[in-house]
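Just so it is clear, none of the values below were taken in a lab; they were calculated from the coordinates. What you are looking at is a predicted structure, and each value in this text was computed from that prediction instead of being measured. Cβ atoms come from the backbone with ideal geometry, glycine included; neighbour counts cover every protein chain shown.
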Amino acid sequence: MARHGYLVALGSNMRHQELGSPRAVLEAALRELDRGPLERLARSRIHTTAPLGPSRRRFANAAAVVRTALDPEALLRRLKRIERDFGRKARGQSWRARVLDLDIVLWTGGTWASPALTIPHRAYRQRRFVLDPACEVAPEWRDPLSGLTTRHLRARLTKPRPAPR
């Protein structure tokens with residue numbers, strides 16, 4: 001059976017009743033990404049980032065590279081089960097506080113599109129909180145749509161822009 005590599009983004013901005021801080025939640029989630037059908041090959045540092053949208057809570061963000069024989073939709077189901085096990089409530093409310101958010105950003109199979117999942121993740125190219133940790137673990141992974149590496153995408157996002165005249 002073929003094994004695929006996946007870049008997974010992790011985020012948390014809510015304390016867990018037993019685990020504690022968002023940083024501790026991510027440490028526990030990173031351990032979960034090395035169990036069962038998943039083999040964690042690399043993990044980033046945990047970054048503290050400002051929230052998007054109306055949330056006022058700062059986020060802990062990280063990235064991991066995992067290898068598995070699961071296809072993208074099977075991996076998505078596995079990640080959603082991990083989120084639920086950590087106390088994540090039903091999805092559907094964007095920009096809200098969350099105990100754990102796990103997203104498939106890229107995979108070694110190129111693109112994937114279904115009603116439940118799109119790879120590459122639609123918004124990752126504009127999100128420094130995804131690209132900073134991703135560059136630590138997968139700097140040479142290429143976006144199958146643009147052909148740019150995660151390192152190049154991050155450089156484009158962080159490049160100083162001249163002030164308007």
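Listing Thr158, Thr68, Thr49 from fewest to most neighbouring C-beta atoms within 10 Å gives Thr158, Thr49, Thr68.
Remark: the stretch 133-143, residue by residue, has Karplus-estimated 3J(HN,Hα) of x, 4, 5, 6, 10, 8, x, 9, 5, 9, 6 Hz, where x stands for each Gly or Pro and the curve is 6.51 cos²θ - 1.76 cosθ + 1.60 at θ = phi - 60°. Based on every Cα atom in the chain, Rg and the maximum pairwise Cα distance Dmax equal 15.6, 58 Å. Stretched out straight at 0.36 nm per residue, the stretch from Glu136 to Asp71 would grow longer than its current Cα-Cα span by 21.0 nm. Segment Arg81..Thr118, full-extension length gain: 11.5 nm, with 0.36 nm per residue of separation and the alpha-carbon distance subtracted.
Using Cβ point charges alone (K and R +1, D and E -1), the dipole size of the stretch 4-158 about the Cα centre works out to roughly 580 debye. This model, with +1 at the C-beta of Lys and Arg and -1 at the C-beta of Asp and Glu, gives the stretch 1-48 a dipole about its Cα centre of some 120 debye. Each residue of the stretch 151-165 was assigned a 3J(HN,Hα) from its phi angle through the Karplus expression (A = 6.51, B = -1.76, C = 1.60, θ = phi - 60°), giving 4, 5, 4, 5, 4, 4, 6, 9, 4, x, 9, x, 5, x, 8 Hz with x at Gly and Pro. Relative contact order for the chain: 27 percent, from Cα pairs under 8 Å spaced at least 6 residues apart, divided by residue count. The residue list Pro22, Ala163, Gly5 was ranked by how far each Cα lies along the charge dipole of the chain toward its positive end, using unit charges on Cβ atoms, and Ala163 comes out on top. Electrostatic tally near Arg77: other residues with Cβ closer than 12 Å to its Cβ, Lys and Arg +1, Asp and Glu -1, net +1.
Summing charges over all other residues whose Cβ lies under 10 Å from the Cβ of Leu148, with Lys and Arg as +1 and Asp and Glu as -1, gives +4.
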